[in-house]
Amino acid sequence: MISKKISPKALMSLKTFKEYLKQFFGDEADSFAHHYFRVIDKDNSGNINFAEFLLYLSNESDPNIFCKIRLMFELFDIDGDGRIEKKEMAEIFKIALKMTEEDKEDGLAAHKLTQKLFEDYDKGKEFLTQNEFTDMFLENRILFKNFPVLSSSLFTESEARGSSQEYISKS
């Protein structure tokens, strides 16, 4: 368990970060933690320092949708090259959909969702730029409702009830 005493000089390891996330998301947090950790550990030190953790908390609670989209882009851009490839998107969706129990077929829904999004938003390059990702998010916010970095206040009541399956089924 994370100590209730917080020190500005303290460092949080991936193991401790997983424990922190488990408080909110249970055992499913384990598979997602290293991706969030990667986004938060801005200096790539292998630890989250106090300033990085505060920045994460601040960004997580920021009502600005573009701030949240930037965080989501960083989450999906696993290799940090400034673009999102199909395999990166499928990996993140597979974890997220498993956490929300929308993918009971071991990644099949994540694969279908990724394929559909790339058909609709990729301009023939086999990757999405930050601008394409932003457009995709703004037009289909329902897809991201189950990501912990996003606040439920970003969604209308009908969006909060929707699922990724609805998007996959759209023609």
Q | DSSP-assigned coil residues among GluC sites (Glu not before Pro) in the stretch 7-101, each with at most 10 further Cβ atoms within 10 Å | A | E101
Q: Based on alpha-carbon positions alone, could you give the equivalent ellipsoid semi-axes of the stretch 10-61 from the gyration tensor, as √(5λ), descending, whole Å?
A: 17, 12, 10
Q. Could you state the principal axis extents of the C-alpha atoms in the stretch 38-103, from the largest down, to the nearest angstrom?
A. 35, 25, 21
Q | Carbon + sulfur, % of accessible area of the stretch 10-61 - ligands and nucleic acids excluded, 1.4 Å | A | 57 percent
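The values are calculated or read from the model by the stated rules, or taken from the named source; none is laboratory data. All figures in this text were calculated on a predicted structure; none of them were measured in a lab. Positions of Cβ are generated from backbone atoms using ideal geometry, with glycine treated the same way; all protein chains shown enter the neighbour counts. Surface areas here come from the heavy atoms of the whole protein model, side chains and all, with no ligands, DNA or RNA. Shrake-Rupley method; radii C 1.70, N 1.55, O 1.52, S 1.80 Å.
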